[in-house]
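Participant: Below is a structure I'd like to ask you about.
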Amino acid sequence: MTHLKGKKSKNVYFQQLPMLIPVSYQGSQNCTSESVFRVFERANRYIEEKQINEQLLSVIVFDEIGLAELSPHNPLKVLHSELEVDTCRHGFVGLSNWRLDASKMNRALYLACPDPDENDLQSTASAILQAEILRNNQVARPDDKIIQGLVATYHSLYELMNNDRKYESYFGLRDYYAMMKSIVHDLVVPQHGKDLYESIRRHLKANFDGTWDASEYMWETFCEHIGQHNFIGRYKSVSKFDQILDQCLSTRTLQYLILIHKNKTLINYLEQHIRSKYTTYKFRSLIGSSLSGDLFDGRTYTERYNYKVLMDVILYVETNVTLVMRRMGHLYDNLYDLFNQNFAFSAQKKFCRIALGDLYHPRCSVNDTFYCIVFVQEADLPKCDPPFLNRFEKHVIDMKSLVHSYHWSVQLKLIEWIKSLLPTDCNEHFPLFQHLFVDYSDNYICTLVLEAFEQLSISVDDENDTDTNAALVYCQDKLIETSSLDFPLILSLKTNNNDNNVPLLIDKYYIKHESLLFSSLLKSTFKQTQIPNRVIYTYTQIYDSIAYGKYESKIEEIKLNAFKTELEFTKRIKSHYKSKEEKLRLLLIRVDYHEDHNHILLIKHILLNEHVPNSNRNVWLIFHLQRNILNQTTNDILFNGWSPIMIDDLNKSQLISKNTFFESSYISLIRQPDCELTDCLFDDMIPRCLGKFNYQVTHRKLQTKINDRRSELINSFMNDKNKDSRTETLRSIVHNQLPILIEKFGLSQDLLRLNDWRRDLLTNPTIIGACRSVLDAINIIVSSFYDKCFLLLFAHLEKYSFIDTYQFISSQDNQATRQGLRSIWDQCLILILKEIDVTVIQRDLDNISFTFDLHLPCAKTEYKIIRKIREIISQDIHNNNDDDFDDETIMAKAMEHWRNKSFYRCLDNFQLIENNCDIFKHYYHDQIILALEEAKIYQLSSEFAEYLLMTNTHRSVSNQLQHLLVDNEELFELLRIFEIATELIDEKKLMNDFKQQTIQGDSIFETSQENSELYTLVLAKEKQFYLIPPKQTIQRQDDYEFECEGDPWIETCLMNLIELLVSKAVIEDIKNIEKLSKTYGLIEQGVFGLKHYTCKNLEKLRSFSSLMRCIKTLLSEDSCSMAFQNACRYAGFAG
């Protein structure tokens, strides 16, 4: 194109053709359709501006068009319309290393450069040789046999690669050219005292190495070609990685390097090796950003970010820098001219072009000593383009060649020492090396050993035990600085093995970490003129605030997750070093080690690049770890030259007591100041433990009340905290009883299998999986122990109804009654806790049988005793046929059993229950509730049952207990009758109607009024009962005398119940005669079966029941109800 200048061309024929104006475009995997379209617009402007004066033709030169085809933006779709023959106004040349798809190929003439044959290779070699001879003014020509052998060797390799797709395109012509240039230079320029064949072997290794070492094959082929078979086994030492690396970085004239690695830690070590050994040249690194603001969709980098990185490359290229690049695959296309090293020369300076965007390709100066190294992970090699790979020497990083055997032996001994620290009888996956030393990795251990040799000036040539032990002690000390509290915890389990080193190691841990407490560290740091580099690992969480104390004005704190772009972060680092605020000396960068792990490599290199030597300011990294997921993150980034330390809690001013780890018992653990039962711990425990209980109630309608009660109970415990400490509350009682209960565990620790809290800390799956730090784990295991104690205590308090009864007693207004009930409550509590079985802690405490509205503790236990008394009495009645064994005798015996067997008999104030009517009412109330539960009577309230059984105050305690101790079956049937009646009559109405007819005085006989619609019970002064029938005018008193074997009041209520059942209100309201008939029948049957009660009006109920049966027999189901109601109306609702 340089010859086609229109009329200015030297060739006559070319003068007849248009002048060509090249418009260059650099294709890459980042280009877009908009940028391609702008290239055509630019070409159009050339034509429009100059076609008036002369004939011009703009030619678009699209370099690396094949890479553009790989762009996710699909930029080549613009070519479909622009390259149509009818509309195209430009010339177009596309350069690619591979074929494009047919839609592009069909729009242009396709010219393919054929693969070179052996003659082409020979011609190239001859040209390179001739150029080298002229450059060095040499007359003598080297042996042609060597050149021909090298040509034949490469051609053989080329054919091998074409036949095996595994190695296809791994090496290319650029590798051949580089090899030829190097070998020809050594052939032409005299190499005094050097072996020519050794040089050839070295250059073969340099240019044909990598994951596939083709130099071995080429050397054998070359030796066979020149007839020197005895050379095949020679010169193996020249192929060592350390020698190749030294050759490249020392001469800096060969191809740039691609170093291939299997894991990232190899790169970290190699970078440090290069930094420390080749100090003549500055070291800079560029790492592909992983920050969200530099990416479009998590994969594609923004144009702004690419521009920034390329500008950095241009700046570095102009200086004597060793530039390391990683994760920059998206920009390597833009740097092909730099990687080619086919520089343009002007004024004795080298220049190359870097594609800074799609249309702008500035000419950049290249320093003579600039050198570039690209790190590529082995797994990513298949994704790399062959043109990219062919521009570099390729070598696999070999650590063994960089590290002396003496170093390896010390490293193995150090790893064995670390292995010996781990327990052998715990989970094989926990604890791991990382739990002992948080930054552990095999490569870090290797680096640590090398550091020890350097710091202690140990020679690798003189291996002896003294130096080995010194190096091991140095490394152990450094490792202990990065150890967490797991270190003394795990070691303390080995104290039983009589290992004398264990106490010494634990002492060493405490000595070191007491000086590494964050407050102490800041104090010692700010006394220094220059702040050292430091990496702090901690279990303090990233959302926790850090207390800096008096050093707050000297410290800035930032969090990595607050930055969205690399540029933003880099500016922040620069601003720290340039800040005019003299007090600010330290910048802390807080990093969530697990969430932001992908960014750590990037920030490491930014900090290294931006570090200002000799400054009184510095930057520290704080890595926030989580103990439970340490095994999920690999420590593959080494901070060589930075002092790593581990501080479990940045806000702690002192370590947990060393003696804590030497005591295995839980009791000893909770006696430590940090493990005491504080109000805060108690507050957390209440809702957590109460949520674990599964309260079992007798009927599902009570389930909703359970949740309400649980919430009220939690609020009650929380509110009690705010009361005067001198006031006794349920909270204070429980809080005070817990330590007493815990002391019992101390006597039963072996029985309870609570042998060693340290081992539980390392084997409990919940703690392993949930705790973010060792201190968290200790807190959890302490909380768990307190939870067990609380659950045991609370389960017993709930089992014996202490909680609800305490709240009930506290609500009583009558002081005498309250004091009496409270004295019973206190004595019951002492009695129950004295006999508590601590082994129950190992069993399921979750299920609690619960009864609402009890007034006295241990009422359920009392009811069980009452049931046993019933069985005894029942057996006595069955075995005794004596006529003298009447009801009175039976009841006297039952009362004797009650007084001797009652749960409350052990109390000092047991007589209160029998002799104090108010206290007895509460006792009897509880037993009635439990009797309802036993009889499975759920539709009748305890209030109604209590009203029915206790309204007659003239009944003695013995009479009332008779229902429970002897006549329980009759009691159940009696209560069941009233429960059945509630199907037709509401319970409240029943109670209200009964209350209106309650026991009257004999003054009623002094009036001659008509009685109500129900029976009225009258008690005369001489304690004689009288019963006045319904709707009867009261006359002579003697006409109504009432005798009853049972309770007259209960029999009156039964008769009134029958009156209500056959009343107009009930019958008129009925819609289902079957329901009415069934209810009448069940009540009739129930009353008839009562032993002590005979209802005078039972025949009235039977007559109504008989009428219903007749109607149901004669009429259809639909008309029965109406017929029955009409019949009752006709008869005036009289039975």
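The values are calculated or read from the model by the stated rules, or taken from the named source; none is laboratory data. Because the structure is predicted, anything quoted here is derived from the model rather than measured. Reconstructed Cβ throughout: ideal geometry from the backbone, glycine too, with neighbour counts over all protein chains shown.
Participant: State all residues of region 600-637 that are part of a loop (DSSP other than H, G, I, E, B) and more than 23 Å from SER545 (Cα to Cα); if no residue qualifies, say none.
Facilitator: HIS611, VAL612, PRO613, ASN614, SER615, ASN616, THR633, THR634, ASN635, ASP636, ILE637
Participant: For region 207-243, what are the residues that are of a type in the set (Val, Ile, Thr), crowded, with 18+ Cβ neighbours inside 10 Å and at pLDDT below 85?
Facilitator: VAL238
Participant: Another one. Name the residue, out of ILE60, ILE21, ILE65, that is within 25 Å of MET328 (Cβ to Cβ), in contact with a strand residue (DSSP E or B) (Cβ under 6 Å, 6 or more places away or on another chain), modelled with pLDDT of 80 or more and not hydroxyl-bearing (Ser, Thr, Tyr).
Facilitator: Working: ILE60 fails: within 25 Å of MET328 (Cβ to Cβ); ILE21 fails: within 25 Å of MET328 (Cβ to Cβ).
Going through ILE60, ILE21, ILE65 in turn, the sole match is ILE65.
Participant: Further, regarding this structure: Restricting to region 67-108, name every residue that is closer than 24 Å to LEU173 by Cβ and not small (Gly, Ala, Ser).
Facilitator: LEU67, GLU69, LEU70, VAL93, LEU95, ASN97, TRP98, ARG99, LEU100, MET105
Participant: I need every pair where a residue in region 115-130 that is more than 18 Å from VAL184 (Cβ to Cβ) has its Cβ under 8 Å from the Cβ of a residue that is not in a loop (DSSP other than H, G, I, E, B), sequence separation at least 6 or different chains.
Facilitator: ASP115/TYR158; ASP117/HIS155
Participant: Residue by residue through region 978-989, note down the ones that are surrounded by 16 or more Cβ atoms within 10 Å (Cβ to Cβ) and not in a helix (DSSP H, G or I).
Facilitator: Within region 978-989, THR982, LEU984, ILE985 qualify.
Participant: Check whether at least one residue in region 876-886 is modelled with pLDDT of 85 or more, polar (S, T, N, Q) and outside the structural domain of LEU702 (by TED's automatic domain parsing), and report yes or no.
Facilitator: Scanning region 876-886 turns up no residue that is modelled with pLDDT of 85 or more, polar (S, T, N, Q) and outside the structural domain of LEU702 (by TED's automatic domain parsing).
Participant: Restricting to region 303-356, name every residue that is among the hydroxyl-bearing types (Ser, Thr, Tyr) and either out of contact with any Lys or Arg (no Cβ under 8 Å at 6 or more places or on another chain) or over 22 Å from SER71 (Cα atoms) (or both).
Facilitator: TYR305, TYR307, TYR316, THR319, THR322, TYR332, SER346
Participant: Which of the residues that make up region 371-388 are part of a helix (DSSP H, G or I) and buried (at least 20 other Cβ atoms within 10 Å of the Cβ)?
Facilitator: Within region 371-388, PRO387 is the sole residue that qualifies.
Participant: Hey, another quick one. Hey, could you check region 27-50 for residues that are more than 48 Å from the chain's Cα centre (by Cα) and hydrophobic (A, V, I, L, M, F, W, C) and say which is farthest from LEU79 (Cα to Cα)?
Facilitator: Only one residue tops the list, namely ILE47.
Participant: Go through region 344-370 and report how many residues are in a strand (DSSP E or B) and touching a helix residue (DSSP H, G or I) at 6+ places or on another chain (Cβ under 7 Å).
Facilitator: 4
Participant: Could you tell me which residue of region 672-687 is nearest to SER711 (Cα to Cα), considering only residues that are of a type outside the set (Asp, Glu) and surrounded by 14 or more Cβ atoms within 10 Å (Cβ to Cβ)?
Facilitator: So, considering only residues that are of a type outside the set (Asp, Glu) and surrounded by 14 or more Cβ atoms within 10 Å (Cβ to Cβ), the one nearest to SER711 (Cα to Cα) is PRO687.
Participant: To continue, here is another question. Look through ARG710, ARG688 and report the one residue that is free of Cβ contacts under 8 Å to residues at least 60 places away in the same chain, part of a helix (DSSP H, G or I) and of a type in the set (Lys, Arg).
Facilitator: ARG710
Participant: Find all pairs meeting these conditions: Cβ atoms under 6 angstrom apart; at least six residues apart or on different chains; first residue within region 294-317 and within 20 Å of CYS364 (Cα to Cα); second residue loosely packed, with under 13 Cβ neighbours inside 10 Å and of a type in the set (A, V, I, L, M, F, W, C).
Facilitator: none
Participant: Quick one: in region 116-174, of everything that is in a helix (DSSP H, G or I) and basic (Lys, Arg), which residue is farthest from ARG201 (Cα to Cα)?
Facilitator: ARG165
Participant: If you don't mind, there's one more thing I want to ask. Six or more apart or on different chains, Cβ under 6 Å: which pairs go from a residue in region 415-432 that's of a type in the set (Phe, Trp, Tyr) to one that's modelled with pLDDT under 90? Could you list them?
Facilitator: PHE430/ILE768
Participant: A follow-up question, please. Only residues that are in a helix (DSSP H, G or I) and without any contact (Cβ under 8 Å) to a residue 12 or more places away in the chain: list them for region 944-977, please.
Facilitator: Once the filter is applied, which keeps residues that are in a helix (DSSP H, G or I) and without any contact (Cβ under 8 Å) to a residue 12 or more places away in the chain, region 944-977 yields only GLU969.
Participant: When you scan region 930-937, do you find a residue that is over 18 Å from GLU970 (Cβ atoms) and out of contact with any strand residue (DSSP E or B) (no Cβ under 7 Å at 6 or more places or on another chain), even just one?
Facilitator: The answer is no, given that none of the residues of region 930-937 is over 18 Å from GLU970 (Cβ atoms) and out of contact with any strand residue (DSSP E or B) (no Cβ under 7 Å at 6 or more places or on another chain).
Participant: In region 276-287, how many are under 39 Å from the mean Cα position of the chain (by Cα) and either surrounded by fewer than 19 Cβ atoms within 10 Å (Cβ to Cβ) or assigned by TED's automatic domain parsing to the domain that holds LYS559 (or both)? Working first, answer last.
Facilitator: Step one: of region 276-287, the residues under 39 Å from the mean Cα position of the chain (by Cα) are 284-287.
The next check asks that each one be either surrounded by fewer than 19 Cβ atoms within 10 Å (Cβ to Cβ) or assigned by TED's automatic domain parsing to the domain that holds LYS559 (or both); those that pass are 284.
Count: 1.
Participant: Report yes if some residue within region 585-596 is touching a residue at least 12 places away in the same chain (Cβ under 8 Å), buried (at least 18 other Cβ atoms within 10 Å of the Cβ) and among the β-branched types (Val, Ile, Thr); otherwise report no.
Facilitator: Yes: region 585-596 contains one or more residues that are touching a residue at least 12 places away in the same chain (Cβ under 8 Å), buried (at least 18 other Cβ atoms within 10 Å of the Cβ) and among the β-branched types (Val, Ile, Thr).
Participant: Continuing with this model, one more query. Suppose we filter LYS1064, LYS1096, LYS1100 for residues that are touching a Phe, Trp or Tyr at 6+ places or on another chain (Cβ under 7 Å) and under 30 Å from LEU1027 (Cα atoms); which single one remains?
Facilitator: LYS1064
Table: residues versus (1) touching a helix residue (DSSP H, G or I) at 6+ places or on another chain (Cβ under 9 Å); (2) at positive phi; (3) at pLDDT 90 or above; (4) of a type in the set (D, E, K, R).
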{"residue": "VAL966", "(1), (2), (3), (4)": "yes, no, yes, no"}
{"residue": "GLU970", "(1), (2), (3), (4)": "yes, no, yes, yes"}
{"residue": "ARG976", "(1), (2), (3), (4)": "yes, no, yes, yes"}
{"residue": "ALA981", "(1), (2), (3), (4)": "yes, no, yes, no"}
{"residue": "GLN996", "(1), (2), (3), (4)": "no, no, no, no"}
{"residue": "ALA1020", "(1), (2), (3), (4)": "yes, no, no, no"}
{"residue": "PRO1029", "(1), (2), (3), (4)": "yes, no, no, no"}
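Participant: Here is a follow-up. Residues in region 638-661 that are at pLDDT below 90, touching a helix residue (DSSP H, G or I) at 6+ places or on another chain (Cβ under 6 Å) and either of a type in the set (Lys, Arg) or not in a loop (DSSP other than H, G, I, E, B) (or both): how many?
Facilitator: Result for region 638-661: 2.
Residue-by-condition table, conditions (1) of a type in the set (Val, Ile, Thr); (2) touching a Ser or Thr at 6+ places or on another chain (Cβ under 9 Å); (3) over 19 Å from ILE232 (Cβ atoms):
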position	(1), (2), (3)
ILE146	yes, no, no
THR153	yes, yes, no
TYR158	no, no, yes
MET161	no, yes, yes
LYS166	no, no, yes
SER169	no, no, yes
ARG174	no, no, yes
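Participant: In region 543-559, which residue that is aliphatic (A, V, I, L, M) and part of a loop (DSSP other than H, G, I, E, B) is surrounded by the fewest Cβ atoms within 10 Å (Cβ to Cβ)?
Facilitator: If we take residues in region 543-559 being aliphatic (A, V, I, L, M) and part of a loop (DSSP other than H, G, I, E, B), then ALA547 is surrounded by the fewest Cβ atoms within 10 Å (Cβ to Cβ).
Participant: On to the next question. Tell me whether region 925-935 contains one or more residues that are in contact with a His (Cβ under 7 Å, 6 or more places away or on another chain) and either β-branched (Val, Ile, Thr) or not in a loop (DSSP other than H, G, I, E, B) (or both).
Facilitator: Taking every residue of region 925-935 in turn, at least one turns out to be in contact with a His (Cβ under 7 Å, 6 or more places away or on another chain) and either β-branched (Val, Ile, Thr) or not in a loop (DSSP other than H, G, I, E, B) (or both).
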